[in-house]
Amino acid sequence: MNEELTPEIISEFYRTKFPLDKFMAFIGLSDFKNREFGFVVGENRFIRNISFENTKELREFMATKSVKHAYVGAVYEQSPSRYSPIQKIKWKFREFIYDIDINDFDLVRTCGCQGYSYCTDCWSLVQDTVLFIDETMRQDFGFTDIIWLFSGRRGVHGWIKDKITNNFDQAQRVAILNYLTMVHDQKRTQTIEEIPNEAKPLRDRIYSIIAKSYLLNSSEESLVEIGIAKKKAKDIIQRVKTSSEFDAQTYNLIIPSNQTVRNKLSHEIILKRYPRIDRKVTMDTRRVSRMPYSIHGNTGQLAVVIKDIKSFYPDSAPNVWDALK
Ligand SMILES: [Zn+2]
């Protein structure tokens, strides 16, 4: 963090720099009054069941209260409030959201980073995850309106805003998650599924994104440990580095034909680099998630839209001090 994030700085940002029009374009104008908001205010008190008559009211609230963290939730049939909390009013819609955090990879990070810390090595896990999910949502499900948002600290949120997804219930969201999930119970047993034969686009993507990164990040020694001969390991790494296009075919060509080695390698690829998604966030249609363009109260960084995940690194994301300069 550059400087101390004071209530005055937060207040000034929301009064003068917060791009309200961009935020409204992001969530859409319809049903604004019935959209739930949540905030962390004062000494880390989390409040929700809040809604606003208009955007002016929203800005005024955030500036006056110097909100540390701001979250936006689902839309209901009436305006959420203390007297009509979301449990008591009828749910209307919610965008389909993915939450990717670098610490979800803690068990398999080999760079030494844990928790909130990250480096360019392990950040590539988040980048691959975003590329993988983005392609899967577009190509396998036909969604087109997908925005990736920096969370302000250690992760990214994917917002699928295609109208059709808004009304998905929990079961429908889970069905899509299940199509994607290959690492189960990540905190404990880490059961790994085999690379699917039936879902060809998903399978191809595993090779072109995940396996490619795995091999690019492998050392000769780590491939030897899996059972690949030293000379072959060297050759594989060389081939991956020089292949302009890397796909399932390339993979099959350069990996030894020995089935035990192949199984071991694909297990390692999925375990070490396959997307790990916070299922609770995607499933829960009433959850609030970080408000686009708002300040992350611990880092001072802004939850900006990521234009190109391949070149995005958290340290270079804009912060509130830059915005106020
Ligand atoms: Zn790292």
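The values are calculated or read from the model by the stated rules, or taken from the named source; none is laboratory data. Quantities reported herein were computed from a predicted structural model and do not represent experimental measurements. For neighbour counting, all protein chains shown are included, and Cβ atoms are generated from backbone atoms with ideal geometry for every residue, glycine included.
Which one of Phe52, Phe39 is assigned to a loop (DSSP other than H, G, I, E, B), hydrophobic (A, V, I, L, M, F, W, C) and over 27 Å from Ile176 (Cβ atoms)? Just one listed residue meets the conditions, Phe52.
Gly152 meets the conditions (1) part of a loop (DSSP other than H, G, I, E, B); (2) in contact (Cβ under 8 Å) with a residue 24 or more places away in the chain; (3) out of contact with any strand residue (DSSP E or B) (no Cβ under 9 Å at 6 or more places or on another chain) in every case but one. The failed one is (3). Screening the candidates Cys119, Cys111 for the property of being on the phi < 0 side of the Ramachandran plot, within 15 Å of the ligand (Cβ to nearest atom) and in contact with a helix residue (DSSP H, G or I) (Cβ under 8 Å, 6 or more places away or on another chain) yields one hit, Cys111. Of the set (1) at negative phi; (2) touching a strand residue (DSSP E or B) at 6+ places or on another chain (Cβ under 6 Å); (3) at pLDDT 95 or above, all apply to Gln172 but (2).
Here Ser266 fulfils each of the conditions (1) surrounded by 17 or more Cβ atoms within 10 Å (Cβ to Cβ); (2) more than 19 Å from Asp128 (Cβ to Cβ); (3) of a type in the set (Gly, Ala, Ser) apart from (2). Scanning segment 60-90 for residues that are in contact with a helix residue (DSSP H, G or I) (Cβ under 6 Å, 6 or more places away or on another chain) and farther than 21 Å from Thr285 by Cβ yields Met62, Ala63, Ser66. Candidates are the residues of segment 80-100 that are surrounded by fewer than 20 Cβ atoms within 10 Å (Cβ to Cβ) and in contact (Cβ under 8 Å) with a residue 40 or more places away in the chain; the one that is farthest from the ligand (Cβ to nearest atom) is Lys92. Which of the residues that make up segment 124-156 are within 15 Å of the ligand (Cβ to nearest atom) and in contact with a Phe, Trp or Tyr (Cβ under 6 Å, 6 or more places away or on another chain)? Scanning segment 124-156 gives Leu125, Arg154.
Is it the case that segment 170-181 has a residue that's of a type in the set (A, V, I, L, M, F, W, C), buried (at least 16 other Cβ atoms within 10 Å of the Cβ), in a strand (DSSP E or B) and touching a helix residue (DSSP H, G or I) at 6+ places or on another chain (Cβ under 8 Å)? Give the derivation first.
Filtering segment 170-181 down to residues of a type in the set (A, V, I, L, M, F, W, C) leaves 171, 174-177, 180.
From what is left, the residues that are buried (at least 16 other Cβ atoms within 10 Å of the Cβ) are 176, 180.
Add one more test, that the residue is in a strand (DSSP E or B), and what stays is none.
There is no residue in segment 170-181 that is of a type in the set (A, V, I, L, M, F, W, C), buried (at least 16 other Cβ atoms within 10 Å of the Cβ), in a strand (DSSP E or B) and touching a helix residue (DSSP H, G or I) at 6+ places or on another chain (Cβ under 8 Å).
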